[in-house]
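Following: one structure in structure tokens, then a few remarks.
The values are calculated or read from the model by the stated rules, or taken from the named source; none is laboratory data. It should be emphasised that the depicted structure is a prediction, and the values quoted were computed from it without experimental measurement. Here Cβ is always computed from backbone atoms with ideal geometry, including for glycine, and neighbour counts include all displayed protein chains.
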Amino acid sequence: MSGRKARSGGEDTRMRDQKQTNRPGRARRDAREAVLLALLSRVRNDTFSNVLVKRTLDDCAEMSTAERAFIKRLLEGVIEREPELDARITHYTKRPVTRLHPAVLQILRMGIYQILYMDAVPDSAACNESVRLAKKHAPARLSGFVNGVLRNAARDADSERKKEDPDISVRYSMPAWLTEMWTEQLGEETAVRLLEALMEVRPVSVRTAPGLAVQEREKLILQLREAGAVVEKGMWLEDSLRIRRTSDLRKLPGFDRGLWTVQDESSMLAVRAAGLTGTETVYDVCAAPGGKSFYAAQILQAAGEPGAAQVGRVFSFDLTARKTDRIREGAARLQLTNIIVQERDARLDQPAERERADVLLCDLPCSGLGVIGKKRDIKYRASREGILSLQTLQRQILKSAVRYLKPGGVMIYSTCTISREENEDNAAWIEKELGLVPDALEPHLPDGIPGLQGHMLQLLPHEHGTDGFFISRFRRPPV
């Protein structure tokens with residue numbers, strides 16, 4: 001596929017797609033076309049997958065719940081399994097995927113994913129719909145090429161489904177360096193179970209307000225179910241719920257009144273690890289989008305004595321106005337009055353505020369490997385070198401942020417990742433270089449939670465049913 005016609009066709013397609021995807025809020029009525037345009041936009045604009053999925057679903061607001069669920073599944077699935085899909089395309093076309101027309105490449109990825117991983121979609125529909133898209137978004141002569149590749153893929157589908165590639169990085173569409181790191185750090189059996197869990201479609205974890213009465217909570221669950229959501233209780237905490245089969249969380253009962261908010265149980269556990277009692281001053285130094293600040297503020301409000309002169313407060317910081325505006329919006333929806341939000345660079349010392357915090361929450365920028373199940377393309381952006389660079393940044397922030405902490409105060413260091421360099425190695429560094437004392441997590445977390453190692457806990461999706469998340473607790477020695 002070379003020569004002027006192919007190049008011209010590609011340029012025409014890109015111009016047409018640009019026109020179709022650059023209009024914000026454009027309503028879509030074709031589910032597969034919406035996925036195709038989103039994938040083409042992702043290549044052009046390097047958009048994060050979770051942002052892309054939300055934007056696409058917003059553009060498809062007029063579609064049915066089933067159609068929107070199809071879009072989400074197909075879009076996330078193609079991004080998640082891109083390396084495997086490209087290997088199969090190369091096998092059938094006998095050419096590198098970089099030589100394929102941009103729209104054709106995405107259409108083939110979508111078609112093969114439907115054939116192999118979406119049992120509810122007949123192979124004939126996957127092929128025919130892909131050909132239709134090719135006729136609309138690629139040079140006309142390439143529709144036959146798409147048809148041939150996908151017919152071959154459908155013919156081989158049964159045998160391909162039964163194959164288990166011995167290379168786990170291929171089997172789970174994960175970069176080789178990452179599977180090697182997890183195998184080295186966790187052991188092969190745990191690494192494989194982790195990879196399997198990251199491929200699963202998980203429910204959305206939400207948190208109800210901690211001050212919500214039991215009857216109100218049960219009433220809310222009933223209302224959510226009546227709205228069509230499948231609701232289950234969380235694994236570890238009474239405030240946690242898991243929601244499935246909903247097309248737009250924001251339209252569900254109780255969201256606009258602040259009765260619940262989206263938050264994974266792992267993030268909730270990090271706040272619970274602080275052991276808040278109601279009157280503490282909490283500093284959250286890298287707070288956006290605000291989940292831990294909100295939970296801490298609500299715990300303080302719920303635990304405070306009615307009519308007490310002092311209720312604990314949360315000082316919630318992040319680097320830019322864009323980030324802090326998100327925190328302010330969330331705090332307003334949750335009707336939180338004991339949270340103070342400011343723009344602040346966590347690496348810079350604030351001499352006037354030294355030793356003011358009873359509790360310091362340091363959930364720091366990290367590689368995000370624990371949330372690959374939600375943000376499918378993180379694995380393509382991360383690297384071993386990037387992890388080491390992040391470790392340096394994390395230590396810069398910790399060295400400055402620890403000055404906020406009062407003598408005898410508690411620091412929670414946490415990340416949403418699974419890497420020794422960012423987690424256990426940093427915990428050892430905190431003890432050695434910052435002089436903080438490890439403080440046991442067990443008194444502050446639910447009974448029976450597996451994997452506790454004194455002051456540290458590595459949460460794993462397959463073991464804890466949460467995001468991959470690291471929590472550690474330290475105390476500053478009293479004077």
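Against the test of being without any contact (Cβ under 8 Å) to a residue 12 or more places away in the chain, under 18 Å from the mean Cα position of the chain (by Cα) and in the same structural domain as ASP284 (by TED's automatic domain parsing), the options ARG376, ARG381 yield a single qualifying residue, ARG381.
Taking the criterion of being surrounded by fewer than 23 Cβ atoms within 10 Å (Cβ to Cβ) and among the aromatic types (Phe, Trp, Tyr), the only residue of the stretch 361-413 that qualifies is TYR380. Checked against the criteria, ALA427 does not count as modelled with pLDDT of 95 or more, farther than 22 Å from ASP264 by Cβ and among the small types (Gly, Ala, Ser). When LEU212, LEU198, LEU269 are checked against the criterion of being assigned to a loop (DSSP other than H, G, I, E, B) and surrounded by 15 or more Cβ atoms within 10 Å (Cβ to Cβ), a single residue qualifies: LEU212. A single member of LEU142, LEU186 is under 22 Å from LEU39 (Cα atoms) and surrounded by 14 or more Cβ atoms within 10 Å (Cβ to Cβ), and it is LEU142. Within the stretch 27-44, the set of residues being out of contact with any Ser or Thr (no Cβ under 9 Å at 6 or more places or on another chain), over 18 Å from ALA66 (Cα atoms) and surrounded by fewer than 21 Cβ atoms within 10 Å (Cβ to Cβ) comprises just one member, VAL43.
Taken together, the criteria exclude VAL51 from residues that are outside any loop (DSSP other than H, G, I, E, B), crowded, with 20+ Cβ neighbours inside 10 Å, among the hydrophobic types (A, V, I, L, M, F, W, C) and not assigned by TED's automatic domain parsing to the domain that holds LYS251. Taking VAL206, is it under 20 Å from LYS54 (Cα atoms), touching a residue at least 60 places away in the same chain (Cβ under 8 Å) and within 18 Å of the chain's Cα centre (by Cα)? Answer is no for this residue. Residue selection: GLU226 fails the criterion of being assigned by TED's automatic domain parsing to the domain that holds LEU348 and either modelled with pLDDT of 95 or more or loosely packed, with under 14 Cβ neighbours inside 10 Å (or both). A single entry from LEU361, LEU336 fulfils the requirement of being under 24 Å from the mean Cα position of the chain (by Cα), within 27 Å of ALA302 (Cβ to Cβ) and either part of a loop (DSSP other than H, G, I, E, B) or in contact (Cβ under 8 Å) with a residue 40 or more places away in the chain (or both): LEU361. Given the structure, is LEU237 surrounded by 14 or more Cβ atoms within 10 Å (Cβ to Cβ), in contact (Cβ under 8 Å) with a residue 12 or more places away in the chain, in contact with a His (Cβ under 7 Å, 6 or more places away or on another chain) and not assigned by TED's automatic domain parsing to the domain that holds PRO446? Judged against the criteria, LEU237 is not a match. Filtering the stretch 421-464 down to residues that are within 20 Å of the chain's Cα centre (by Cα) and either part of a loop (DSSP other than H, G, I, E, B) or not hydrophobic (A, V, I, L, M, F, W, C) (or both), which residue is surrounded by the most Cβ atoms within 10 Å (Cβ to Cβ)? Here the residue is ASN423. Within the stretch 311-333, the residues that satisfy the criterion of being surrounded by fewer than 20 Cβ atoms within 10 Å (Cβ to Cβ) and part of a loop (DSSP other than H, G, I, E, B) are VAL311, LEU319, THR320. When you check ILE412 against the structure, is it out of contact with any Ser or Thr (no Cβ under 6 Å at 6 or more places or on another chain), part of a loop (DSSP other than H, G, I, E, B) and modelled with pLDDT of 95 or more, yes or no? Taking the combined requirement at face value, the residue does not satisfy it. Scan the stretch 131-143 and report the pairs whose first residue is assigned by TED's automatic domain parsing to the domain that holds LEU40 and whose second residue is acidic (Asp, Glu) and modelled with pLDDT under 95, with Cβ atoms within less than 8 Å and a gap of 6+ or a chain change. Sorted first by the residue in the stretch 131-143, then by its partner, the pairs are HIS137/ASP17.
Condition check for ARG242 on (1) buried (at least 21 other Cβ atoms within 10 Å of the Cβ); (2) outside any loop (DSSP other than H, G, I, E, B); (3) of a type outside the set (Asp, Glu): one failure, at (1). Residue count for the stretch 309-333 under the criterion of being of a type in the set (Phe, Trp, Tyr) and within 24 Å of the chain's Cα centre (by Cα): the result is 1.
Evaluation of GLY373 against the conditions (1) part of a loop (DSSP other than H, G, I, E, B); (2) under 16 Å from ARG313 (Cβ atoms) shows that the sole unmet condition is (2). Among the residues of the stretch 54-75, those identified as of a type in the set (A, V, I, L, M) and either surrounded by 14 or more Cβ atoms within 10 Å (Cβ to Cβ) or not assigned by TED's automatic domain parsing to the domain that holds ALA126 (or both) are LEU57, MET63, ALA69, ILE71, LEU74, LEU75. Consider the stretch 364-379 and keep the residues that are at pLDDT 95 or above and in contact with a Phe, Trp or Tyr (Cβ under 8 Å, 6 or more places away or on another chain). The one that is farthest from GLU422 (Cα to Cα) is GLY370.
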